[in-house]
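Please treat every number below as a calculation from the coordinates, not as lab data. Owing to the predicted nature of the structure, the values given are computational and were not obtained by experimental measurement. Note that we place each Cβ from the backbone using ideal geometry, even for glycine, and neighbour counts take in every protein chain shown.
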Amino acid sequence: YIAFPVMGLNVSVGHQLLSLGVKSFFDASKDGAAGIVVVYPFGKNVVGLGTIKATENNVVTANAWSGPNGSDLDIHFGLASFDLGGGHTLGINIANVLNNSISKASLWNYGVTLSGKLAPVTYTIAADMQDGKNDGVNKNKGTHMRGVLGFQATPALGLNLASIYYSGEKTGTSVKNFKTYLEDTNYATFVFGYLNRGFGGAYGTGAPAPG
């Protein structure tokens with residue numbers, strides 16, 4: 001990818017390492033994704049806008065621009081990161097997922113992350129809420145929450161305690177399972193959502209565990 005400044009803005013265009021929030025909703029931080037990102041840094045704070053090619057022709061590769069049949073899935077997003085002082089940071093992101101192969105398909109994801117350090121403990125508190133109609137018909141009401149505490153006992157030994165929740169399943173016309181757009185393999189834990197490439201290049205998905 002190429003990156004360049006324009007009137008105080010930092011612009012990056014091309015295949016780049018991207019993720020939103022704590023990587024629970026969208027993550028291409030390992031293999032990268034095609035995108036355009038514009039950020040404005042001021043002091044220790046940052047605000048920005050961007051667009052990502054999340055899938056090409058319904059194949060979860062997150063690495064290419066528009067395909068021949070126009071069924072790609074795009075994620076348009078805004079983000080902000082604010083330094084609260086004292087080693088604490090507040091992050092906010094809003095993303096809109098547009099599935100070009102489905103009429104009226106539009107999924108919204110609203111994410112917030114608070115992280116910092118209360119010596120000698122580090123913490124991360126994050127949440128996502130979803131709205132819209134990912135399939136163009138049913139309402140999405142997925143949620144994700146997590147809390148992580150870390151303690152560095154020695155330079156070589158660290159301890160972490162985490163609690164992670166994903167909503168799941170469908171109730172009537174309300175789709176409560178949390179929609180994710182992740183790289184080839186992503187395990188939050190052994191029991192939550194996953195996406196794996198199988199034999200012959202096919203993809204298999206696992207819905208987040210209910211409750």
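Can you pull the Kirkwood radius for segment 4-59, inverse mean 1/r over Cα pairs, to one decimal in Å? Answer for segment 4-59: a Kirkwood hydrodynamic radius of 12.3 Å. Indicate the gyration tensor shape class of segment 97-138 (rounded, prolate or oblate), computed on the Cα atoms with a ≥ b ≥ c the square roots of the eigenvalues: a/c under 1.5 is rounded; otherwise a/b larger than b/c is prolate and the rest oblate. Cα axes put segment 97-138 in the prolate bin. Beyond 21 Å in Cα-Cα separation lie the following of the pairs Lys30/Lys104; Lys23/Lys53; Lys30/Lys176: Lys30/Lys104; Lys30/Lys176.
The distance between label points at Asn160 and Ser101 comes to 3.4 nm (points 7 Å beyond Cα on the Cα→Cβ vector). Of all aspartates and glutamates in the structure, those lying under 17 Å Cα to Cα from Lys141, and not within fewer than 8 positions of it along the same chain, are Asp128, Asp131, Glu169.
Model label points for Asp131 and Ile36, set 7 angstrom from Cα along the Cα-to-Cβ axis, are 2.7 nm apart.
Here's the list of lysines a cross-link from Lys44 could span, going by alpha-carbon distance under 17 Å and ignoring same-chain residues fewer than 8 apart: Lys117.
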